[in-house]
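Report on the following structure.
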Amino acid sequence: MTLSIPFQTVDVFTQTRFLGNPLAIVLLHHPLSSSDSSDPKQQPPVLTQHQKQLIAREFNLSETVFIHITQSNYDDPSAPFVIDIFTTTEELPFAGHPTIGAGWFLTGHERWRDRKEFKLDTRAGVILVSRIAKIPGPLTSPDDSAHASAKLVKLRIPIDFKTHLPYNSALLSTLKSKLHQPQLEPGDYVNGVDGAEPVASIVKGMSFVLLPLRDEGSLSRIQPLIGINDAVPGSLIPDEHLGDWKGFSSLYVFVVSPSTESNSIFDNIYDDVDPVNPFIHPIIRLRTRMFQSGGFEDPATGSAASTLCGWFASQQQNAVGRWRFEVIQGVEMGRESRIGVVVDVEREANVDGNVVVKKIELVGGAVKITEGMVDIP
């Protein structure tokens, strides 16, 4: 007997169709049973792991998220929604754009439209997702006003933040050389062709080499990574450098944007005064690109953006306080994405001069592209 399962595809970190980062959302409705527990982890699975992996492979997107819906999600506002995140080859404990996409979907669902908060139960832990009402401007006509409400969500991501020793090796110098980057000059690299580059981890097993470039022109000319350690996808950092933090790694290239654009993803979201964290820094815009080996480029990477912003804030001379970043990624791919990141930095207790990244929030929206049914034989 064929099992038909509903799905949607959405573009995340955008309000415009066919921009942002595509995501497939698959809904797994758990039927009522004689089980004493309404927890989907304690019930017979709607799909096996193998079937979920096959579906993710069929969608062939960077990630597919499966949302488990049980009777408790209808009856109890505090009951978390269990979600599973898959790439085309494996399950992930956490990723930014599937979590934002799942939260965005639930806030717009007619059954839960009145709820302001949701809990998402991921492999990395339970994440609180909150609805945000944003009114972008300026509004120049009645039609603008009619369509002004753009729905966003924010989530506090699980972090175990660590800044590692700067990374330098023959591999990285080769990556930055004319052989692999024929359109870049030595002066395009802030730290030079042979200079060490910062490395940071958002959690154990998810790390990024952070490569600053001179300007947006340099960013537009850097090429995807082809022929660089292709045998180990995404592996740009040696295991011995990261120790227990080894795992997924990739290259996140960035510049600080000189843009004077007045509108921001943060308009009407955060007040300029916060009684908990009274020192709020001005908004910083970053332009970014994310590469893995094998020529892969990602249009929007919430985990990488969160890592970069946590590192950037902690490195400033006046680091303590709340930092707001608007990260613009995917422009060169024709899929512009806008990622909001909020970082709270505090002075580390009993350690002179040291600061610690205390909290990171991720902000974004999405737009629906398609919906339908997946038939499972």
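The values are calculated or read from the model by the stated rules, or taken from the named source; none is laboratory data. For clarity, every value in this text was computed on a predicted model and none was experimentally measured. Cβ: placed from backbone, ideal geometry, glycine included. Neighbour counts: every protein chain shown.
Structural remarks
- For region 119-133, the set of residues classified as at pLDDT 90 or above and β-branched (Val, Ile, Thr) consists of Thr122, Val126, Ile127, Val129, listed by residue number.
To keep it simple, each residue is scored yes or no on (1) surrounded by 21 or more Cβ atoms within 10 Å (Cβ to Cβ); (2) part of a loop (DSSP other than H, G, I, E, B).
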{"position": "Ser173", "(1), (2)": "no, no"}
{"position": "Lys178", "(1), (2)": "no, yes"}
{"position": "Gln181", "(1), (2)": "no, yes"}
{"position": "Gly187", "(1), (2)": "no, no"}
{"position": "Gly192", "(1), (2)": "no, yes"}
{"position": "Gly195", "(1), (2)": "no, yes"}
{"position": "Leu210", "(1), (2)": "yes, no"}
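- Residues that are assigned to a helix (DSSP H, G or I), farther than 22 Å from Gln15 by Cβ and in contact with a strand residue (DSSP E or B) (Cβ under 6 Å, 6 or more places away or on another chain) within region 285-315 comprise Thr307, Leu308, Gly310, Trp311, Ala313, Ser314, listed in sequence order.
- If only residues of region 197-208 that are assigned to a strand (DSSP E or B) and within 15 Å of Phe254 (Cα to Cα) are counted, the one that is farthest from the chain's Cα centre (by Cα) is Glu197.
- Among the residues of region 316-337, those that are within 18 Å of His281 (Cα to Cα) and outside any loop (DSSP other than H, G, I, E, B) comprise Gly321, Arg322, Trp323, Arg324, Phe325, Glu326, Val327.
- Strands (runs of 3 or more DSSP E) contained entirely in region 48-126, each with at least 1 residues that are among the polar types (S, T, N, Q) and surrounded by 15 or more Cβ atoms within 10 Å (Cβ to Cβ): 64-69, 117-122
- Here the condition is being modelled with pLDDT under 95, within 21 Å of Ala124 (Cβ to Cβ) and not charged (D, E, K, R); of Pro40, Pro80, Pro44, Pro31, it holds for Pro40 alone.
- Meets criteria (touching a strand residue (DSSP E or B) at 6+ places or on another chain (Cβ under 7 Å), more than 26 Å from Thr307 (Cβ to Cβ) and at pLDDT below 90) for Lys116: yes
- Extreme residue, surrounded by the fewest Cβ atoms within 10 Å (Cβ to Cβ), among residues of region 330-356 that are touching a helix residue (DSSP H, G or I) at 6+ places or on another chain (Cβ under 7 Å) and within 30 Å of Phe66 (Cβ to Cβ): Val343
- Region 202-231, residues that are in contact with a helix residue (DSSP H, G or I) (Cβ under 8 Å, 6 or more places away or on another chain) and at pLDDT below 95: Ile202, Lys204, Gly205, Met206, Ser207, Phe208, Val209, Leu225, Ile228, Asn229
- Cβ-Cβ under 9 Å pairs, at least 6 apart or on other chains, region 307-320 side in the same structural domain as Ser207 (by TED's automatic domain parsing), far side of a type outside the set (Lys, Arg) and assigned to a helix (DSSP H, G or I): Ala319/Ala313
- Test for Gly340: is it in the same structural domain as Thr107 (by TED's automatic domain parsing) and either under 17 Å from the mean Cα position of the chain (by Cα) or in a strand (DSSP E or B) (or both): no
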